[in-house]
Structures are given as structure tokens and as C-alpha cells.
Number of protein chains: 2
Amino acid sequence: MADYVHGYDEQERRRLSDQAATLAELLHADTCFAASSSVLEAGCGTGAQTLIVAQQNPGATFTAVDISAASLGVAQEACQRAGIRNVTFQQADLLAINFAPASFDHVVVCFVLEHLPEPDRVLHVLKGLLRPGGSITVIEGDHGSTLMHPDSVLARRVIQCQVALQARAGGDAHIGRRLFPLLAGAGFSRDQISVSPRMVYVDGSKPDWIEGFTRNTFTAMIRGVREKAVAAGLITAAEFDQGIEELLRTAEADGVFGYTFFKAVARA
Amino acid sequence: MADYVHGYDEQERRRLSDQAATLAELLHADTCFAASSSVLEAGCGTGAQTLIVAQQNPGATFTAVDISAASLGVAQEACQRAGIRNVTFQQADLLAINFAPASFDHVVVCFVLEHLPEPDRVLHVLKGLLRPGGSITVIEGDHGSTLMHPDSVLARRVIQCQVALQARAGGDAHIGRRLFPLLAGAGFSRDQISVSPRMVYVDGSKPDWIEGFTRNTFTAMIRGVREKAVAAGLITAAEFDQGIEELLRTAEADGVFGYTFFKAVARA
């Protein structure tokens, strides 16, 4: 597994939780599973998506796995606090996952493949865990989809720092656009794969999204790589800070910010 | 008015018509006007959008204006061939337009502002033509939204040629993201402006969109600036051709292409 580029500290945890709340409707309004179906969440992290899909599908039974015991602990605690009882947690490496073939009706993978050096292999493994007629749901972002007004060369450079660091760690911050070929490559029939882009579009008429997404999700995430980016010699600290300021310029009343997530559903 | 960068020859006319057919549903499914309302189409060009909105709103009366008599002739002929009787055509410069204030219930502007050096002034003029309670609908693309898989530096360079030529002619190929601030700047209330991005997402499961959009709309449009781009010294002919080939690579079975249009509706 690649190093997880986003880090695990408290601020980061809050960021992931903010992101989940703001985006839940856009990404998960149609993440619906029949009652009594069994769902594997592969790479649940600190449980941001787990909370959403488990609460939204109270009749389904979830198994949430992650490679990090620390993250699993946080996720489990969050579920307990929220009174969620339909999730069990289990530590596992997705490439060495220990379930019998065809163990699940559905698999959910959110913001995970972007970090993996071999997303195709992981999808192939997950496909093997699906019952015939089951489905896999994959959601990923794509930093190349970022749109800004005013546009800024320096803001694009700080975003590029995150892209470069993620690539060095074996990931791909532009993976959203690749979901169709990745799923096809993992063996899903091309006519059983459906990808829908979900664009977060934020202008001056949407103060909640300005706060919840432009500032506290996207910019906070990019700001989170400041030390690593400077240490790696990708940018100077002064340039980085200026780039963040120009990124935040898009959160002013006459600014615009756009970012596209990709949601793919493939049937086994 | 800026030079119109796309040109007016027969091939170009076919391209615009292909584009209109493929995109009509995505862009215009919700372009609906009450029967007996009067609608101004500002900058109708050769009538690609005119045909769609006039046929879709048979009870409304359209006045379609353009600065080019040649384009108006083509548009008029196309309407006659299609048996459309609710459109009258008129030659006009949008900045010197000759209608009384509050002459129209609605105004439609599609793929026009991108070519204008002063889109804000034009929107201000058009606002003055609207009756209270009327609306303006603006649709524009944004070349900065282009997503490709496989990604290609050279393909992005040929797209950038079109962006640069359009900028030299006084236009802005990235104008889509600016619709909200442009409309707010033209005097529309910020809480009466609604912008919705419309992403064309094309993968190997969508052969019609591969043909109709990736190949025959977007790539054809970019290919159309080859001579001008080479003459302007922006790129060599060999590089340009290679860039087009790499752009077409996204139209293969495992390729992905994305492009976002922005549709804004503002109420007067």
C-alpha cells in the first residue's frame, strides 16, 4: 500500500468529517442497497463515508475494512457515537483480503483507489468477492477537474504539489476520470459499468458550499501538504502560502470554484 | 466585436449542426418558455441553437439577431427547411441593438459571450431589453474544463492554441466559469442567478457521444484552428497534428473525455 498522503491528525479528521457532511447528498443520494443485503466497504478510513451509507441503508449489513488499526478505531467510535449498529469493522490489506469468494452483495470504495499503486489489482480482488448480480460502487475525485475564477497559476501550482506528492507515494490524484477503464480492466463488462460525474460548483450564491467545500474541504486538504511539499523542494513556503491565498480568492463573493467527483457503479 | 475565431465554411456549419443535435438534450431540455412569450436570441449565428429552442417552444415568438448577414441567411434557410415559423431574423450588433427597453420576456445567449471583448457590457444591454420578471439564459463552454484519459501534454497544447487565438481576437474560451460574476456585474440580483454546470462525459460505453462530441464536435473545432495556430507561431504543424492524434486517443474504447458547459438563468 502507498503511504497515505493526507495524514491522520485531528485537524485532518475534522476535515474528512466536514467533507462527508457537505458532499453526502451529492455523492450518496443514490447509494441505496436492498434491506438484508451484505455490503463490504473497502478502505473505510476514519468512517466518514461509512456513517453516511450505513445510516442511509439501515436494513443492510456492512463490513468495513481498512489497513489502519488507528483509523478503524476512530471509525468504530464514530459509529458508536452515532448509534449505528449495522457495521462491523475488520483490519485488512485490500490485496490480501480474507473473505470467501462471492461473500457480498455489494462493495463500496470511496476515496481509496487514488492512494493505491495498483488500483486495477484491488478492483479485481473486490470483483471476486461479489455475488453474481451484485454491484461495486466507486467514488473518487480528480484534481485535474479543478476550475477557478479568478484563475491563478500559483494556486494551480499548490494543487499540483498535492498531485506530485500523491504520485510519489504511488497514488493518482487524477484517478476519477479513469474509473471506467479501471473497472473494465478489472473484468467488469463494459455495458455493466455506469460512470456519473458529480461536479461541485460553488459561486457567490452558495455560502454554505464556500465554507464547507472550497475553504474547509478542498483548500484545507491542499494546505495539509504544505510541509511535505516544501520539504520535497516542490515549492517555497512563501509561494505555497501565496498560492493558498489565491485559491481562497475563489471563495470571495465574485469568485467561482469547481471540482468534479466521479461515481461509478458496475454490476458483476 | 471580436473576429469570430471558428470561421464560417461548410464543414464548420456541419460541425455546429452536429454539436447542436448531440448536445440539445443536455443543454436545452429545460429551456422552456410559456406560450405567447417573446424571446430574443442574441447572437444566433447559423441557427444551430435557434432551431432547437424554437421547435421546443412552438408557442413562443423568437427574434433572432446576429451581426453577420451571411450567418443570418444560413439560419433563416435552416428554419425554413425545418418548417419553423415562430422566428424572425434581424441583423444587429449586440452593443448597438435597436429595440425598446423591456421589449422581451426572455433572452437567450448561447456560445456568444466567449467571442466578445466586452461580455459584461452586452449583458447589461440585454438586461435592459427584459421585462420585469423576465429571464436571461446564457450557455457557454469552458476549455479549461477539458478532461482527458490518457492525458496528453500535446493535446492540451493544441487546445491551448484555440484558447490563445480566441484571446487574441478579444474573446475568452474559459468564460463558462465566469457566468455568475458576469451576470452579477451586469446588474442581475445575486439571488436571482442560478448557474448549472452540464458536463459532457464520454467513455467507451458511449459510442454516439464519442462520434458526436469527442470527434465531430470538440476535436473538429480544435482542428479548425490548425492553420491560424501554425501561422501565428503558436505550434508547429507536426506538433499540432500529433496533438490532434493524442486528443483522438481519448475516443478509443479505453479512453475518456470530459468537457463542461455552464448554463446560467438570471431573472430580471
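A short reminder: the numbers here are calculations on the coordinates, not readings from a lab. Worth saying up front: this structure is predicted, and the values here are computed from it rather than measured. Heads up, the Cβs are rebuilt from the backbone with ideal geometry, glycines too, and the neighbour counts pull from every protein chain shown.
Which net charge results for the neighbourhood of A:V153, defined as the other residues with beta-carbon distances under 11 angstrom from its beta-carbon, given Lys and Arg at +1 and Asp and Glu at -1?
Charge balance near A:V153 sits at -1.
In whole Hz, with x marking every Gly and Pro, tabulate ³J(HN,Hα) for region B:72-83 from phi via Karplus 6.51 cos²θ - 1.76 cosθ + 1.60, θ = phi - 60°.
Once θ is set to phi - 60°, the couplings for region B:72-83 become 4, x, 5, 5, 4, 4, 4, 5, 4, 4, 7, x Hz.
Quick one: compute the contact order of chain A, relative version, from alpha carbon pairs under 8 angstrom and 6+ residues apart, as a percent.
Once normalised by length, the contact order is 23 percent.
Give me P(r) over the protein assembly as shown, computed from all C-alpha to C-alpha distances, binned every 20 Å, as integer percentages.
In order of increasing distance, the bins hold 21, 51, 26, 3 percent.
Quick one: order A:L27, B:L129, A:L154 by neighbouring beta-carbon count within 10 Å, fewest to most.
Ordered by Cβ neighbours within 10 Å, fewest first: A:L154, B:L129, A:L27.
What are the equivalent ellipsoid semi-axes of region A:92-164, built from the alpha-carbon gyration tensor (square roots of five times its eigenvalues), in whole angstrom, biggest first?
35, 13, 7
Among A:R177, A:R156, A:R168, whose mean-square fluctuation peaks in a Gaussian network model of chain A (Cα, cutoff 10 Å)?
Per the Cα network of chain A with a 10 Å cutoff, A:R168 tops the list.
Per residue of region B:149-156, in order, report the coupling 6.51 cos²θ - 1.76 cosθ + 1.60 (Karplus, θ = phi - 60°) as ³J(HN,Hα) in whole Hz, putting x for Gly and Pro.
9, x, 6, 8, 4, 6, 4, 5
Gain in length, B:R267 to B:A82, computed as 0.36 nm per residue apart minus the alpha-carbon separation, to one decimal in nm?
63.5 nm
Using the Karplus equation 6.51 cos²θ - 1.76 cosθ + 1.60 (θ = phi - 60°), what ³J(HN,Hα) coupling, rounded to whole Hz, does each residue of region B:60-71 give in order, writing x for Gly and Pro?
Per residue, the Karplus-derived 3J(HN,Hα) values read 8, 10, 9, 10, 10, 10, 8, 7, 9, 5, 4, 4 Hz.
Could you list the residues of region A:196-213 with an amide nitrogen less than 12 Å from a label point located 7 Å from the Cα of A:E245 in the Cα-to-C-beta direction?
Residues passing the 12 Å test: none.
As a footprinting exposure proxy, order A:S196, B:S71 by other Cβ within 10 Å, with the fewest listed first.
Starting with the residue having the fewest Cβ neighbours, the order is A:S196, B:S71.
With 29 Å as the limit, write out which pairs from A:K127/B:K206; A:K206/B:K206; A:K206/B:K228; A:K228/B:K263; A:K263/B:K127 have Cα-Cα distances beyond it, or answer none.
Violating the 29 Å Cα-Cα cut-off are A:K206/B:K206; A:K206/B:K228; A:K228/B:K263; A:K263/B:K127.
What residues qualify as long-range amide H neighbours of A:A102, i.e. H under 5 Å apart, gap of 5 or more or another chain, H built at 1.01 Å from N?
A:L129, A:L130
Using Cβ counts within 10 Å as a stand-in for footprinting exposure, how do B:I222, A:I52 rank, fewest first?
With the sparsest Cβ surroundings first, the list reads A:I52, B:I222.
Relative to the present Cα-Cα distance, how much length would full extension add between A:A102 and A:A169 at 0.36 nm per residue of separation?
My answer for the length gained is 21.0 nm.
Could you tell me, in Å, what Rg and Dmax come out for the Cα atoms of region B:145-268?
16.5, 50
Between B:C32 and A:A70, how many nm apart are label points set 7 Å from Cα along the C-beta direction?
5.4
Considering only the label points, 7 Å along Cα→Cβ from Cα, what distances in nm to one decimal separate B:R156 from the same position in each other copy, shortest first?
Label-point separations across copies, in nm and ascending: 0.7.
If we hang a label 7 Å off Cα along the beta carbon direction at A:D30, how far is it from the matching labels on the other copies, in nm, shortest first?
Computed spacing set for this position: 1.5 nm.
Put one equal scatterer on each alpha carbon of chain A, apply the Debye formula with no solvent term, and list log10 I(q)/I(0) at q = 0.15, 0.16 1/Å to two decimals.
-1.11, -1.26
For A:A237 and A:R156, what is the calculated FRET efficiency with R₀ set at 22 Å and r taken between the beta-carbons, to the nearest 0.05?
My answer for the efficiency is 0.80.
Can you check what the net charge comes to around A:F188, using other residues whose Cβ is under 9 Å from the Cβ of A:F188 (Lys, Arg +1; Asp, Glu -1)?
Value of the local net charge: +3.
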